[in-house]
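Working notes, structure below.
Here, each number is a calculation from the coordinates, and none is a lab measurement. Small disclaimer: the values here were computed from a predicted structure and weren't measured. Neighbour counts run over all protein chains shown; Cβ positions are idealised from the backbone, glycine included.
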Amino acid sequence: MSLNHAEFIVTGFEEMSIAEKAFLGSLMKADYLLKDTVVQPEQLASTRHQELMRRMVEWNREGKNIDFTTLPDLENFGGMSYLAELLSFADLERFEGMEKLILDSWKEREKRNILSVAAHNDWEIAKVIAELDRINQSKVDDHTSLQQALLTIYEAPWEEQTILQAATTGINKLDEMTGGFQEGEVTIIAARPSMGKTDVMLHFAKMSGWAGYLPLIFSLEMPEKLITKRLIASTGGFNRSKMRDPKRLLSENQKNNWANVIGHLNETHIQIFDGSGQTVAEMRAKTRKMMNQYPNKKPILFIDYLTLIQPGQIYGGNSHQQVTEISKSLKTMAKDFKCPVICLAQLNRSVESRADKRPMMSDIRESGSVEQDADVILFLYREAYYDKESQDNTLDIIVSKNRNGSVGYISVNYNKYTGEIVE
C-alpha cells in the first residue's frame, strides 16, 4: 500500500505512525538516504521505530547492506511481516515531506517536555527561551528562491519603506590560476571581518548562476533580505545605503534601470537558505531537494560561514574537534554531490598584531583540519582596510593553497559602497 495510491483520514498519533512507517520504508528501499536525512533515531515517536533506525544507521556506518533477515531479535521489531509492511509504505518522492512532519512532531513533543520541566524546576524565562530556540534551530524549510525574493522587492523604488565543468569565478586571471570551481572540491575564502568576504562570495554566486549552475547560498548569519539587497546593489551599481529606502534615495536613472537589474539577477536561479545553526546534514537534505527540483542544473554551494555551522556532536565544547568534523563533512558533501563547495572563514586576531598583515594559513581559526581538507584556500586582503585615508580600492585575492594548480595572487577593483567586484 503506497502513499501514492491511498488516502488516509488520520489525525494525531495515526498520522505520525504512518509518516514514520513511510520514512523507515523509504530508508529500507534507498539506504543512501541514511547519509542525507536530518532526522535522528531519537526524534521518532515510536521506540520500536527508534531502535530499528539505530540498527540501520549502524549497518550503514559499517558499510553493510541492510539485511533484516540477520536480526537475532527480529520478533522485537514485529517480524518480517511488519518490515514488509514498512517497505510497502516507502515513498521516495515525498521523503522530504515525511522528514518535516516527523521533525515538527518531535519539536512539539520537546517543547511540551521543556515547558513541563521548566514549570517543575522553576526555570528563569531566559533559560526557557534558550531551550525553545535550540529546538527551533532544526529546520529544513527556511528556503527562499531569489526569484521569490526579487518579486517581493520589485516595487521598492516606488513604495514607502518601513523605517534580501568548472564553475567560473567571473575573474579571468583567477580562473586561469585555479581552473574555476571544480566539482568535488572545497574552496575556503578567509579574511578578517569587513574585508569583503560576503561580497566576493555573492560575486562568485552570480557568475556561476549566469554560467548555468544552480547556486545554493547557506547564509548562517545574514538574513535573506540583506543578501537580496546586496545582490541588487552590486549588480546595479547602487550604493548599499540607498537600499534602505529605494523610493526616496535612488536617482531616476537608477529607478529606470531597476527592472533590468531584477531581470538579470533572476537568471541566476540563486536559492537562499538563511536558517541559523544549520548542520551539514541539513544542508545535504536541502541540496538534494534542489537537485530534484532542478535536475538539469549542477549545484554549487556557498556557505557563510564555517564556524557558524552546527556540528553533529558537541565534543565537550572542543572547538578543534567540532571544526574537524565540519571540515571533513564539507569535503564528503562536495564529493558525494559532485559539486563545488565554497565556504567563508574568519581569521584570528593575531594577524592584526603583525607588521605585515597579509594573512597566512595559520591565521585561519582551527586551521589544521581546514588546511588539510580544503582543495583551494583564498585569502582576501585590502590595504585600505588598515589605512582609512587611502583611496585605493584594490582587493588582493591570495591563492595560498591550490591542490591542482599554482599559487599566487591577483588584484581586482572592489567598491565597498556597492559591493561590486571588477577585474
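What you get for the range 1-138, charging only the Cβ of Lys and Arg (+1) and of Asp and Glu (-1), is a dipole of about 180 debye around the Cα centre. Scalar couplings 3J(HN,Hα) for the range 171-181, obtained by applying the Karplus form with A = 6.51, B = -1.76, C = 1.60 to θ = phi - 60°, are 10, 3, 5, 6, 4, 5, 7, 9, x, x, 8 Hz; x denotes Gly and Pro.
Each principal axis of the Cα atoms in the range 356-423 has its own extent, and those three values, largest first, are 37, 23, 20 angstrom. Over the Cα atoms of the range 275-423, the radius of gyration divided by the Kirkwood radius equals 1.00; this is the Rg/Rh ratio. Residue pairs exceeding 25 angstrom between C-alpha atoms, taken from Lys242/Lys297; Lys197/Lys225; Lys21/Lys64; Lys206/Lys297: Lys242/Lys297. The charge dipole of the range 190-261, taken about its Cα centre with unit charges on the Cβ of Lys, Arg, Asp and Glu (plus for the first two, minus for the last two), comes to roughly 240 debye. Annotation for the range 64-111: trypsin sites (Lys or Arg not before Pro) lying in DSSP loop with at most 14 further Cβ atoms inside 10 Å of their Cβ are Lys64. Here the spin labels are modelled as points 7 Å beyond Cα on the Cα-Cβ line, and at Gln147 and Leu92 they lie 2.5 nm apart.
Above 41 Å, the calculated P(r) of the chain contains 24 percent of its Cα-Cα pairs.
Compute the Cα gyration tensor for the range 220-269, then decide on rounded, prolate or oblate, letting a ≥ b ≥ c be the square roots of its eigenvalues: rounded whenever a/c is under 1.5, prolate when a/b is larger than b/c in the other cases, and oblate in all that remain. Here the range 220-269 falls in the oblate category.
Rounded to the nearest Hz, the phi-derived 3J(HN,Hα) couplings of the range 300-306 under the Karplus curve 6.51 cos²θ - 1.76 cosθ + 1.60 (θ = phi - 60°) are 9, 9, 10, 10, 10, 9, 3, where x marks glycine and proline. Using the alpha carbons alone, the radius of gyration of the range 148-225 stands to its Kirkwood radius in an Rg to Rh ratio of 1.05.
A dipole drawn for the chain from +1 and -1 charges on Cβ atoms has a positive end, and of Asn253, Thr235, Ala355 the residue lying farthest that way is Ala355. The modelled label-to-label distance between Ala126 and Ala30, using points 7 Å beyond Cα along the C-beta direction, is 4.6 nm. The residue among Leu33, Asn60, Ala84 whose Cα reaches farthest toward the positive pole of the charge dipole of the range 1-138, with charges on the beta-carbon of Lys, Arg, Asp and Glu, is Asn60.
In this structure the amide hydrogen of Ile189, modeled in the peptide plane, comes within under 5 Å of the amide hydrogens of Cys343, Leu344, Ala345, Leu378, none closer than 5 places in sequence on its chain.
By the count of neighbouring beta-carbon atoms within 10 Å, fewest first, Phe181, Phe238 end up ordered Phe238, Phe181. In a reduced charge model with +1 at each Lys and Arg Cβ and -1 at each Asp and Glu Cβ, the chain shows a dipole moment near 820 debye about its Cα centre.
Take 214-220, 169-175, 343-349, 307-313 and order them by the average number of nearby Cβ atoms within 10 Å per residue, most first; the result is 214-220, 343-349, 169-175, 307-313. The 3J(HN,Hα) values that the Karplus relation (6.51, -1.76, 1.60; θ = phi - 60°) gives for the range 49-56 are, in residue order, 5, 4, 5, 5, 5, 4, 4, 5 Hz. Gly and Pro appear as x. Ranking Ala334, Ile309, Tyr386 by how far each Cα lies toward the positive end of the dipole of the chain (charges on Cβ) leaves Tyr386 at the top.
Sorted largest first, the spans of the alpha carbon positions of the range 1-138 along the three principal axes are 50, 37, 27 Å. Of all DSSP beta bridges confined to the range 143-422, the antiparallel ones make up roughly 45%.
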